[in-house]
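Asker: One structure is given below, represented as structure tokens, and several questions about it will come after.
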Amino acid sequence: MTKEKFYSTLEKKLEKLVPHVEIKYKAEIAWEINEWKRERNAVILGHNYMEPALYHSIPDFVGDSLELSRKAAETEKDVIVFCGVRFMAETAKILSPDKTVLLPAKKAGCSLAESITAQDVRNLKEQFPGVPVVTYINTYADVKAECDICCTSGNAAAVVESLGAETIIFLPDEYLAGNVARDTGKHIIFPSRKFGQDSPDLDYQMIGWHGKCEVHEKFTVEDIENVRKQFPAVLVLAHPECSPEVVDASDFSASTTAMIRHIENSKADQYLLLTECSMGDNIIAANPDKEMLRMCSVRCPHMNEITLEDTLACLKNMQYEIEVQEDIRVRAAKSVERMIAIG
Ligand code: 13P
Ligand code: SF4
């Protein structure tokens, strides 16, 4: 493709969202990134939350955490550039240890990943010996290494059911756990508050943790009610990191990619997306006929650390390389691969 064609394709995609002058500036950077990508024999994986100019110009694959883990495991390129947050890039390294995995920002954390340590998991295993541990993919490698199997928002209930266990430990997202407990018919307790206070023979079925996503915890049932009053025919989609009350008040809840597909395949008058706002922009760019309502007061500061400028610097300077200690990686890989095997 010529540079002119690349620019006009991007302009057409983003014309409802970004002024031409800005697209021209971003297209220049994206063009240079794509040249460096060839030079480095790299693949770029982009999470659905990336800002629209980046999302629609440089990734070879876009998707949710589960899809991108699969792509990371399959790639034959030498270098994986992860346009997402650190735990995602770490998962790519866990699955592809011989590749160079780069994250365009130094930190790009996640409030869920930071809510729990490997020692916390070891303490829980001591409190509840023999109980299988399911860990959300939004955790760091040392936490994954302590668990039996990982899950993502796209397969959490299926992973729990695949274990066929009466009781499980589900970490660290309190709200995802609550949503999975409801879907699988289990009741849930939180040992950090309750352990030691309950009768020892209480029928524990799901043991949770108090981690929360700083974006999704902010959406409320009242937000949904207010929007429904203004737009009675709106279809409300909530990510399962939202509270169970918010998910119950919405019309659909699933992983980021499943939400995109659901919007593409339905014909509502308007859509309200309770998740990181950039994803709504990306849907508008790909489906200009859809009316997306804006709820952009809540943003993910970590996903927003990833810019086109930093991705260019990442490929030019081969920064910031993700390293995972080998003994931890081997144990973490078992949990992630077990998850990928069940789908
Ligand atoms: P998905 O796996 O659904 O893309 O979610 C990742 C995430 O971090 C949501 O906040
Ligand atoms: Fe983490 Fe929430 Fe940001 Fe997703 S949106 S990366 S869960 S802080």
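Asker: Would you confirm, using the coordinates I've provided, whether Leu54 is within 11 Å of ligand 1 (Cβ to nearest atom), among the aliphatic types (A, V, I, L, M), closer than 24 Å to Arg299 by Cα and assigned to a helix (DSSP H, G or I)?
Answerer: Answer is no for this residue.
Asker: Out of everything in the stretch 248-279 that is among the acidic types (Asp, Glu) and out of contact with any strand residue (DSSP E or B) (no Cβ under 8 Å at 6 or more places or on another chain), what residue ends up being surrounded by the most Cβ atoms within 10 Å (Cβ to Cβ)?
Answerer: Once the filter is applied, the top-ranked residue is Glu276.
Asker: Let me ask another. Just checking: which of the helices (runs of 4 or more DSSP H) contained wholly in the stretch 211-291 hold 1 or more residues that are within 12 Å of ligand 1 (Cβ to nearest atom) and within 19 Å of the chain's Cα centre (by Cα)?
Answerer: Here the list reads 256-264, 278-286.
Asker: Something else: From the list Gly46, Gly63, which residue is under 16 Å from Leu312 (Cβ atoms) and not hydrophobic (A, V, I, L, M, F, W, C)?
Answerer: Exactly one of Gly46, Gly63 is under 16 Å from Leu312 (Cβ atoms) and not hydrophobic (A, V, I, L, M, F, W, C), namely Gly46.
Asker: Further question: Condition test on Arg70, is it within 13 Å of ligand 1 (Cβ to nearest atom), buried (at least 21 other Cβ atoms within 10 Å of the Cβ) and either of a type in the set (Lys, Arg) or within 22 Å of Tyr175 (Cα to Cα) (or both)?
Answerer: no
Asker: Right, here's the next one. Just a yes or no: is a residue in the stretch 282-296 buried (at least 22 other Cβ atoms within 10 Å of the Cβ) and either of a type in the set (Ser, Thr, Tyr) or within 30 Å of Lys144 (Cβ to Cβ) (or both)?
Answerer: Checked the stretch 282-296: at least one residue is buried (at least 22 other Cβ atoms within 10 Å of the Cβ) and either of a type in the set (Ser, Thr, Tyr) or within 30 Å of Lys144 (Cβ to Cβ) (or both).
Asker: Something else: Every residue in the stretch 46-83 that is within 16 Å of ligand 2 (Cβ to nearest atom) and among the aromatic types (Phe, Trp, Tyr), please.
Answerer: Hits for the stretch 46-83 are Tyr49, Tyr55, Phe82.
Asker: Just one of the numbered conditions (1) at pLDDT 95 or above; (2) under 21 Å from Leu95 (Cβ atoms) is not true of Ala341; which one?
Answerer: Just one mismatch for Ala341, condition (1).
Asker: Condition check: surrounded by fewer than 22 Cβ atoms within 10 Å (Cβ to Cβ), of a type outside the set (D, E, K, R), more than 16 Å from ligand 2 (Cβ to nearest atom) and modelled with pLDDT of 95 or more. Does Leu163 satisfy that? Steps first, please.
Answerer: Details: surrounded by fewer than 22 Cβ atoms within 10 Å (Cβ to Cβ): yes; of a type outside the set (D, E, K, R): yes; more than 16 Å from ligand 2 (Cβ to nearest atom): yes; modelled with pLDDT of 95 or more: yes.
Yes; evaluated as a whole, the condition is true for this residue.
Asker: Can you name every residue in the stretch 298-322 that is out of contact with any strand residue (DSSP E or B) (no Cβ under 9 Å at 6 or more places or on another chain) and away from ligand 1 (no atom under 16 Å from the Cβ)?
Answerer: Across the stretch 298-322, the qualifying residues are Thr307, Leu308, Glu309, Asp310, Leu312, Ala313, Lys316, Asn317.
Asker: Moving on. Could you say which residue among Ile44, Ile33, Ile23 is in a strand (DSSP E or B), of a type in the set (A, V, I, L, M) and surrounded by 21 or more Cβ atoms within 10 Å (Cβ to Cβ)?
Answerer: Result of the check over Ile44, Ile33, Ile23: Ile44.
Asker: Does Arg86 qualify as being basic (Lys, Arg), within 16 Å of ligand 2 (Cβ to nearest atom) and in contact (Cβ under 8 Å) with a residue 60 or more places away in the chain?
Answerer: For Arg86, the condition - basic (Lys, Arg), within 16 Å of ligand 2 (Cβ to nearest atom) and in contact (Cβ under 8 Å) with a residue 60 or more places away in the chain - is met.
Asker: Looking at the stretch 101-117, which of its residues are more than 16 Å from ligand 2 (Cβ to nearest atom) and buried (at least 17 other Cβ atoms within 10 Å of the Cβ)?
Answerer: The answer is Val101, Leu102.
The values are calculated or read from the model by the stated rules, or taken from the named source; none is laboratory data. What you see is a predicted model; the values in this text were computed from it and never measured. Quick reminder, even Gly has a Cβ in these numbers, built from the backbone with ideal geometry, and neighbours come from all protein chains shown.
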